[in-house]
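Okay, structure first, notes after.
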Amino acid sequence: MNAPPPPMSLLAELTHRCPLQCPYCSNPLALDGREAELSTAEWIGILDQAAEMGVLQVHFSGGEPMARPDLPELVRHAAARGLYTNLITSGVLLTEATFRPLAEAGLDHVQLSFQDVDTGPAEQVGGMKGAQAKKLEAARFVVADGMPLTLNFVIHRGNAGRVPRMLELARTLGARRVEIAHTQYYGWGLVNRAALMPSRAQLDEATQAVEDARARLGSSLTIDYVTPDYYADRPKPCMGGWGQRFVNISPAGRVLPCHAAETIPGVSFPDIRTATLADIWENAPLFRLFRGTDWMPEPCRGCDFREQDWGGCRCQALALVGDAGATDPICSRSPHHDRVTAILEELPAEPPPFVYRRFGNAPGGGR
Amino acid sequence: MTDVPTAAAAPTGPGLAEAAVVRFMRGVRLQHDRVRDQWVIQAPERAFVPDPIATAILRLVDGQRPVGAIIDLLAGQFDAPRAVIAHDVLAMIADLTARQVLIR
Ligand code: SF4
Ligand code: SF4
């Protein structure tokens, strides 16, 4: 295989610590503890390597990245290296006093997540009282500063009907972008699938709301819409291809082709403390495993879409078929597509209680 | 961005539009990508490669120069009548404004 093109973007998961406990969190079930986290100096070294390799954008994420007191220092360093800096935050630790140093450090953009538009259900999902008011306040001073703001809403059966009001909130707050992103069923989202999966009718209604708002608002508000692919015939493309554009570094320094890749069995996870980012990107078995199209089984191998969706999601194939190298069963051509249909048919009428995302709360022994 | 264009500020008419000053929106910039040897637009949640005409224009956007001065500079660089260049530049700036890259 030829040397792969360098990654375009780095997801820097600074910590798994977070004051919220959303049951759809994309973090792994085995959360990294504080004692395992990379140091400031280690992150600085990573940012240098990333810029050197050709990464263009760095997304500071978590957990809640604001839980790291060195965040302004990391933003400043990234900005000085020409990296576009994005903060992905729940906003509950964002105050004027903590925002100012970030803006002065050269932060380019804030993505602020909301659990819902109504306070009651929002705080029931996030598990933190008073969170909604803090988020609204954070949105106001980011917009007042002039920094571009994206609101992120994760959609599930409990809030799908409120998409029109979420879009309205984004508009009135003065956000430049809004993401209406249906839950992705990996990690905690997979554990809570029966509690979160919307019905087909709810999905159609949410989609209609997005289309109406796009027609009404034009280019004044960019709406990014992510559907739950269980209802689709073709899978989502995997991050522009496994190990093609995107690299994720976990709080403890594992270098991954995606945030869910830690579920893949039988392969070792490269460690940024023991190898360079470029070496890992080019040579680590985890990155080579599903890069390109050579690994593909039928029906992907002979399919015209193989370089568009890259056979779908490896983590989903693993979760639903038990084989990360299988065609994503979301695809109607997959021999296992009936499993997805069966999951949707067997959704309970009454949602089970949430399994909250907390250290030590994962079923089956995650930390 | 949502302003309804008035007759006086019609986006394609010369006159006022050439006097206008455009700048990058906050959080958007043109940047040279040394590794891939190309210009990229860095914007919230995306980086994309502008076409050569957009690149030539954006390299001249400094938040001070009026659009007419950008047209003059490009007319000096490219072998085409000024009116043709003016038309292309005004259309491109309108497009980049609609795409939340530039703002008046
Ligand atoms: S393997 Fe799945 S979860 Fe991972 S990046 Fe690809 S699509 Fe996303
Ligand atoms: S067969 Fe494979 S490549 Fe073709 S659409 Fe399905 S998942 Fe994509």
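General observations
- Amide H contacts of A:Glu179: A:Leu151, A:Asn152, A:Phe153, A:Asp224, each under 5 Å away and 5 or more positions distant or on a separate chain (H built 1.01 Å from N in the peptide plane; Pro and chain starts excluded).
- Modelled label positions at B:Asp51 and A:Ala41, each set 7 Å beyond Cα in the direction of Cβ, lie 5.1 nm from each other.
- With contacts taken as Cα pairs under 8 Å and at least 6 residues apart, chain A reaches a relative contact order of 20 percent.
- Among A:Phe114, A:Phe354, A:Phe305: highest mean-square fluctuation, GNM of chain A, C-alpha pairs under 10 Å: A:Phe305
- GNM on chain A, alpha-carbon springs under 10 angstrom: the most fluctuating residue among A:Gly266, A:Gly174, A:Gly146 is A:Gly266.
- Segment B:23-103: C-alpha gyration tensor shape, a/c 1.5 cut-off, then a/b vs b/c: prolate
- Based on DSSP H segments of at least four residues, each scored -39500 (n - 2.57), chain A has a per-residue ellipticity at 222 nm of -10000 deg cm²/dmol.
- Charging the Cβ of each Asp and Glu at -1 and of each Lys and Arg at +1, and nothing else, the dipole of the protein assembly as shown about its Cα centre rounds to 580 debye.
- Cα centroid of segment A:108-143 to Cα centroid of segment A:316-367, whole Å: 28 Å
- Chain A: most fluctuating residue of A:Glu282, A:Glu179, A:Glu346 per GNM, C-alpha cutoff 10 Å: A:Glu346
- Taking amide H atoms as placed 1.01 Å from N in the peptide plane, the amide H of B:Asp33 lies under 5 Å from those of B:Gln38, B:Trp39, B:Val40, each 5 or more residues away in sequence or on another chain.
- Cβ-based charge dipole, segment B:23-103, positive-most Cα from B:Ile93, B:Val40, B:Gly27: B:Gly27
Every number in this text was worked out from the coordinates using simple rules, so none of it is lab data. The structure displayed is predicted, hence computed values, not measured ones. Glycine gets a Cβ as well: all are built from the backbone with ideal geometry, and neighbour counts include every protein chain shown.
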